[in-house]
1. Would you check which residues across region 316-344 are over 30 Å from Asn363 (Cβ atoms) and either of a type in the set (Asp, Glu) or in contact with a His (Cβ under 6 Å, 6 or more places away or on another chain) (or both) and list them?
2. Any idea which of (1) more than 15 Å from His258 (Cα to Cα); (2) buried (at least 18 other Cβ atoms within 10 Å of the Cβ); (3) not assigned by TED's automatic domain parsing to the domain that holds Glu742 is the one Asn853 doesn't satisfy?
3. Pull up region 897-948, narrow it to residues that are hydroxyl-bearing (Ser, Thr, Tyr) and in contact with an Asp or Glu (Cβ under 9 Å, 6 or more places away or on another chain), then point me to the one that is nearest to Tyr849 (Cα to Cα).
4. Taking the condition of being under 15 Å from Val123 (Cβ atoms) and buried (at least 22 other Cβ atoms within 10 Å of the Cβ), how many residues in region 173-192 meet it?
5. Which of the residues spanning region 498-539 are of a type in the set (D, E, K, R), surrounded by fewer than 16 Cβ atoms within 10 Å (Cβ to Cβ) and within 39 Å of the chain's Cα centre (by Cα)?
6. So Asp246 clears everything in (1) crowded, with 21+ Cβ neighbours inside 10 Å; (2) in contact with an Asp or Glu (Cβ under 8 Å, 6 or more places away or on another chain); (3) of a type in the set (Asp, Glu) except one condition, right? Which one?
7. Considering only residues that are assigned to a strand (DSSP E or B) and surrounded by 18 or more Cβ atoms within 10 Å (Cβ to Cβ), which ones fall in region 826-841?
8. Can you tell me which residue within region 755-777, out of those that are surrounded by fewer than 21 Cβ atoms within 10 Å (Cβ to Cβ) and over 17 Å from Gly723 (Cα atoms), is modelled with the lowest pLDDT?
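The values are calculated or read from the model by the stated rules, or taken from the named source; none is laboratory data. Remember, predicted model here, so these are calculated numbers, not experimental data. Here the Cβ positions follow ideal geometry from the backbone for every residue, glycine too, while neighbour counts run over all protein chains shown.
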Amino acid sequence: MQLTFAQGKTISGTVSDQSGMPLPGVNIIVKNTTNGTQTDFDGNYSITANVGDILVFSYVGLKTLERTVGTSNTINVTMEEDASVLEEVVVVGYSTFRKSEVTGSTVKLGSEKLTDVVVAPSVDQALQGKVAGLTVSSNSGTPGSTSQIRIRGISSITAGNEPLYVIDGVPMSNGNINTSGATSFFSNLAAFDSNNIESITVLKDASATAQYGARGSNGVILITTKSGKQGKTKFTFSSSYGVQNDAVDGPEPLTAAHRLELASEAYFNDGFFATKADAEAYLLGTSTYSSWDAAGRPEGNWKEVIKNKDAVVENYSLSASGGNENSSFYTQLGYTSQEGTVIGSSFERINGAINFSTNLTDNLKLTSNNQAAYTYQDAFLERSAYFEGARSAPFFLSPLYQPYNDDGTFNEFGGSLPNPLYITKYNINDNRLARIVSDSQLSWDLGNGLSLSSKFNVNYQVYNSRSYSNRNYGYGAATSGDAGQYTRNTVDYTFQNQLNYSFDLGENHSFDAMLLQEYSSNRRYFLGAYGENFADDGLFNLDSTGNPISINSNYTDFYLGAYLGTLHYSGFDGKYVLDLSYRYEGNSRFHPDERWGSFWSVGGAWNLHKENFISDVNWINNLKFRASYGVTGNANIGLNQYQSLFSYGVDYNGQGAQVVNTFGNNKLTWEKSNTLDLGIDFGLLDGSISGSVSYFNRKSSDLLLNVPLSLTTGFSSQVQNIGELTNKGFEVELNVDVVRSENFNLSIGGNIGTVDNEVTKLPLDPNGIERTITTTITRIETGHSVRAWYMPTWAGVNPTTGLEEYYINGVDGATTTDFNQAEAAWQGDNAVPTLTAGLNLHVDYKGFYLDANGYYAGGHKIYEGWHRYTNQTNAYPIFAFQGLQSLLDRWQQPGDIARNGKFTSAFTPWQRHSKYLYDGEFMRLRSLTIGYDFKDKLESIGLTNAQVYLRGNNLLTWVKDDNLKYDPEVDLGGQTGLETPPIKSISFGLTLNF
């Protein structure tokens, strides 16, 4: 600090805290001058000042004091804690408030709670089990994949249900960016390094989410990145190295010997042979089984050969932060490398950040947060039954086929199911993303509580995917090799101008008013091409194809404008709090006459512990009642659906042509959600016990649905605003510090959330009959949850005949062996858990510490997606594809009690029923960390702190239903698939501060 000495005398003294301990680093300055100093390690200071000058003593977390210089040359000061500063500050919408003045339902997670999950590079998966009412399901365990998040249930049937992500105050587009519907999911959120995140705040009720208008119905996730702090430059280096495997081993495929046994049995059951032995002799005489038998009956274990056992994951990060009274900075460089648990899949990220803030003048401040990342994903075919995909092999490839020849080369067997080992080595499926997010803000303090700020944000993404199928073997052989290349550039611009006014009316009434104008645009450019016929090996690019097949390009854009006003009132030192917000928003997705809508909220809080009749109750430290109500919207639908559009990509007799492909609707507008939230926040026994209890009720109306039309219109359906549904439930969060001491601490905590989802209104046909939306296994109908399970009910296996039976009425009573005679019936709720919970434990003793987090989900069901080919007693699992060992529990003779009926050699059609619908309830040990914190023990070698730890993720999984052999954590569609399951890991980590 620069010192300016005026004429006067020397004032000295000591600064201490309330306990009498000296305070080093306290700033002392002569008011309205640049003359200042700081206390030394013993709390002593010395400064030159004139009689009558005012000395200002300031220290972070303590109340600022002023002392007037008199005749004495000694001024000693005792500083007290400033509760308003020490109290946690929560970002709510476009503003920040003390936690006691938050009127809505919010959960804030610090950076220390976001880095305990290393199984995925995307930070959203770190939220699992830590926020009541928030459900997280991974779409795939492949590195870099997306997650599905639902906050307080499903608010829409056909529009989006994902929450809005807001990074440093600016809404962002996030999600799956892969242009292919066949290869791995690819998350653009994976471009953000959790080491750069200061906190994540989840907003769940309308009191805060209404400030985001038509993007707030599904909740809001606020991400605040790290910034520099005043003081000398501090460096942090962190690294971790670990190995990963599938969290659940999954179902066991049949062996070749099993297939021979079951195939013989099927032929016998169908009457083709007099005995099973005759059937087996016949099969051993066929070319497939005879060669296997002659070779000594080897087993092709495809489940094991496609595994990448002990896949390596490593993370490195180096950051620096610091500043002075005029500026601060934070900068970081990170690297992540993660192998997939399936051969041929991996993820890599290189990222950096430069955040700084500087005072341009005494009242003008510039802040800029900038992050850039390059991510790469080696993907593979996993999102359907693509037989070239490595994950498909255990479920479709016969163990009669051997992965390798005797000389160690790949076995290039024929048929529609190629060897995935060969495909993995010689084919290409790459995803690449370069993402730059730059956020700059200019803030002007106008004085007297008035401030003005302007913010400009750019979110620029360059995505590229490349595919190549070799010309020698597999699907590419028919085309002599083929390749595709697809590029998509996306840029989001956001402009915000914000005016804030803070003022007091008397001593007991404080107001914070805000006006905001926002404009954002999204522009997307796409170019892709595909070609076939390579003349030689080693050629991968499109310009080497002899037969260019197709080229595609398009451009899309949409825009949003909004005006927002908020008013925050705090009365009588925060005893009474009131929040009002109103947003007027326009969206280009709708017709100009329907483009603008209004969204608002009102919230109130009563800090009961500040009342005189409670303030003397020593064991109550915090007791707040809060309530909010508001209206939010949902406009997450495709572009230009209000318009009647033509398609020009048509060839008519060699000439370009156009056709009508969209039946527009000028009246199309937002979905709306009216949300009530009631809650109690509490803190007891000096904060040893803290938590909250909440109730919510959200009614969604004007749902955007595809309504069937008369075929005379030339269209099958039209998007209309019709339909309603509700979500309601309770949430509880509780944290208990069991022991708090200098050397030993023990705390436990947890959360639990329920949600009851119900459709209350659907469109009617011309006869006034409700139009339900029914698939082979789900149905949408009033009085039930969205996409509730709806299918015939399996009645078991007849022990006399060995035939599987179904209830004729779908419920009970009479049964039939004819599947087509069985009526469909409701089978319970949908695939979204109705009950979720999280549990955490922390123990530390003299530097050693243990942290554990668990997750529970229940009240939902999961359907086995590929059972026709893998888990039914027909020809598919034993002749065409590959069955599971669960089929061994089958009927073989009269009197057998078995789960599966008798085998047949017929290729039966799909028969979807309740036998393959499982209870989805499960618990998982999400993370377990054991470590040691050196604190200041290594200062002699220049380290201010150091930590070492051993961490495990998803180490244990408990599944309630024994018949569910797959990992229970599936996407929220509720069906098991062929994607990589979630993974478990063990890693060693090190953090150094210097």
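1. Hit for region 316-344 is Glu339, nothing else.
2. Single failed check for Asn853: (3).
3. Thr929
4. Matching residues across region 173-192 total 7.
5. Kept after step one, since they are of a type in the set (D, E, K, R), are these residues of region 498-539: 504, 507, 512, 518, 523-524, 532, 536-537.
If we keep only those that are surrounded by fewer than 16 Cβ atoms within 10 Å (Cβ to Cβ) too, we end up with 504, 507, 523, 536-537.
The one that is of a type in the set (D, E, K, R), surrounded by fewer than 16 Cβ atoms within 10 Å (Cβ to Cβ) and within 39 Å of the chain's Cα centre (by Cα): Arg523.
6. Failing condition for Asp246: (1).
7. Thr836, Ala837, Gly838, Leu839, Asn840
8. Going through the qualifying residues, I end up with Asn767.
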